[in-house]
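Below you'll find the structure, written out as structure tokens, and then a few comments.
No value in this document is a laboratory result; all are computed from the given coordinates. Keep in mind the model is a prediction, meaning the values are calculated, not measured. Cβ placement follows ideal geometry from the backbone for every residue including glycine, while neighbour counts extend to all protein chains displayed.
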Amino acid sequence: MPTNKFKNQLHLHFIVFIWGFTAILGALISIDAIPLVWFRVLLASGVLFLFLKIRKIPFNENGSDMLNLFIGGVLVALHWVTFFYAIKISTVSTTLITLSSSAFFVVIIKPLFEKKRIEIYELLLAFLTMIGFVVIFYSEKLYTVGILVALVSAILVALFSVYNSKLIKSYSGSKIAFYELFFAGVFLTIILLVKKDFNIAYFQLSQSDWFYLLVLAVICTAYPFVVATNLLKRMSPFTIVLTNNLEPVYGIILALIIFKEKEQMSIQFYIGAAIIFSSVLLNGILKSQKFTGRMRTKE
């Protein structure tokens, strides 16, 4: 029988695999990026609301709390809209590998919030990442706009991550997830109302779109968030960071299997992707070693 540690590792890989499948669903769903995200966040927040109710977790946040969580919701909405839009106008592979650069935007953004200096090795790895992007840009000029949009999405998810690192000190993970997804839906509703996009046809989706949206909202959004939060209590930061870096790998492999020729890129693209992935992986290893060193010093 597998040990609990092995079970946790398998569960984490399954969650990362699910996150990699998110981009595939974005390509399969026929509707535009904004309505896609609107359906996703409202369906997922509904599932999380039921989860919180079943767990009998109280809703007692004040106006200041709501404002903080609304800002997080706006960042979520903007990140996912740009993410799915990039997929629509380019490919799953180019979007995922570009999104993997978010770790280095965190490196740049976090010191601005915490007033800490940037480590030299982080700058060197960021430079290595930029080399990878230069290789990809020159090899996939057809998808330049999509790559740029994905780059904006990477910056937004970095902002979102740094912002949430502050929120998690005051709120539970499940509360943050529910409110941010809900407020993302509120924010996008306002945009859609201003654009006057709401009509009966808006909700007349194909059966396949409804199916994929439900899978996206429940299995790829609400479920992995709850599970990932619980795994944080039982696994080391090194294991989680390192495994999360496999998301673009899983996504690209799935895209090649499902979409075949459309997702087949040039050799130069895979060289650039390997450079970016290697730098992200190395960043995770170095950070985990520093974390382990600090823990040993405390002991």
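Which FRET efficiency value, to the nearest 0.05, is calculated for S64 and V186 with the Förster distance at 25 angstrom and r the Cβ-Cβ distance?
Working: r = 17 Å, r/R0 = 0.69.
It comes to 0.90.
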Return the Cα extents of the stretch 48-176 along principal axes one, two and three, sorted largest first, each rounded to a whole Å.
53, 37, 22
Once you place label points 7 Å from the Cα toward the Cβ at L124 and D32, how far apart are they in nm?
4.7 nm
Two pseudo-spin positions, 7 Å from Cα along C-beta at L282 and at S206, lie apart in nanometres by 4.4 nm
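Treating the beta-carbon of each Lys and Arg as +1 and of each Asp and Glu as -1, no other charges, what is the dipole magnitude of the stretch 1-149 about its Cα centre, to the nearest 20 debye?
Value, rounded to 20: 420 debye.
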